[in-house]
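Shown next, in C-alpha cells, is the structure this report addresses.
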Amino acid sequence: MREEAREYLREIQPDAVITGQSAPDLGVDEALLAESTTPWTFTVQDVDGLVIPGFGALAPYFFVSKPSAAALTRKRADVQTVVVGSLRHASYGELNPRQLREEGRRLVPGGGDLVGFYGQPAWHLPGYRRTLERFAESLSTLPSPFTLLYRPHPKESDDDRARTHSILSDCGVPVLADPSPSVEMSLCAVDLVVVCYSSCGIDQVHLQRRSDRPLNVSMFLMFDENIRSNYLIECGVEAPPEIGQGLTRGLVQNLSSPRELTDALIQALVPAVRQTMWQSVHESVELASDAPAKVIAHIEHINWSSP
C-alpha cells in the first residue's frame, strides 16, 4: 500500500495532499501521509477527536468540524487545527430528506415502526457481540409491531454479517436486509437509527438538520465498558459529544437490566420524542454547506514558502 502511494505521488507531484481517515484500519489515507514529500499535508477529521497514528506520520494540519473537536484534537496530537464545519455532510444540502424517507419506506413491506441497525467491523471487540445480544434480547420484548432492517458496514466480512444476522434472528427478531440503495435514504426512512458507535448516528443528525420535519432518532448503544474504553482510545472521549448535547439518544452507562434498554427503545419511538430531537438539532447544529469553501479559502491563503 505504501509503495503504491509512493508511485502515485511521484507521478502527480502534488503541492499539497489532503486525506480523510481510514479508521478502524490503516488505509490509503495513512499511506499517502507517510510517503508524501511535501510539508503541506492535511487530514479531514472523520469523527471529532479522532487521531490515527498511521505509519508514524501525522498530517500537521487537521480540518475539524467545530471548536470542541479542535481542542480535543490538539490535546491528543501536536497538530494545528482549522475549524471548517462538517465536511462529510456538506453534500447533504443537495438532498431532500422528506423525499428520501418516502422513497425508502416504499421499499419495505409490512407495517409498524422501522428500526434500522447499522453494523460496524468491530468484532475484534468482545463488547460488540455483547451489545448485539443485549439489543436483540430487548427487541424481542417490544410490545408494538416493528420491522428491523440491518445495513452492514462495507468493511464487514460475510462472516461478520452472518454473525450479526444470527444473533438478531436467534432471539426471534425477523431481520430484513436494508433495501435502500444509499445509506442516506436508509437513515431517512427508518423511525429509529441504532448504532453501537458508528458515525451513521451522526449522519442522521445532519440529515435531520436538513429536514423540514422530524425524521427519527439516533441511539448509540454504548453501555458496554469495552466499547466505551475503545472509543476513548480512538477519539479521546467516552462517547460522541452529540449525546451530551441532546442531539441523539445514548446509553453510555452499564444497564442494570435488559428492561432498561427495552424502555429506552420504546421511548425513542414516541413521536413526541422525535419532535423534540428535531427541534434540538435545528437549534444547535449549523448547516455544513460552507465547509468546502472554508477549506479552499484556507489553502488559497497558505504561505507556501513557510510551512
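Read the figures in this text as sums done on the coordinates, not as results from a lab. As the structure is a prediction and not an experimental result, all values here were calculated from the model. In this analysis, Cβ positions are derived from the backbone assuming ideal geometry, glycine residues included, and neighbour counts consider all displayed protein chains.
Computed quantities for the displayed model
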{"item": "Amide H partners (placed H, <5 Å) of residue 114, local residues excluded", "result": "147, 191, 192"}
{"item": "GNM result for the chain, Cα springs below 10 Å: residue of 138, 198, 91 fluctuating most strongly", "result": "91"}
{"item": "Using alpha-carbon coordinates, inclination of helix 97-106 to the longest axis of the chain, degrees", "result": "50"}
{"item": "Net +/- balance of residues flanking residue 209 in space, Cβ distance below 11 Å, scoring K and R +1, D and E -1", "result": "-3"}
{"item": "Highest-first arrangement of 164-171, 45-52, where packing means the average Cβ count within 10 Å", "result": "45-52, 164-171"}
{"item": "On Cα atoms only, tilt of 2-12 relative to the major axis of the chain in degrees", "result": "60"}
{"item": "Between 0 and 90°, nearest 10: helix 126-139 axis offset from the chain longest Cα axis", "result": "30"}
{"item": "Prolate/oblate/rounded call for region 92-284, Cα gyration tensor, a/c under 1.5 rounded", "result": "rounded"}
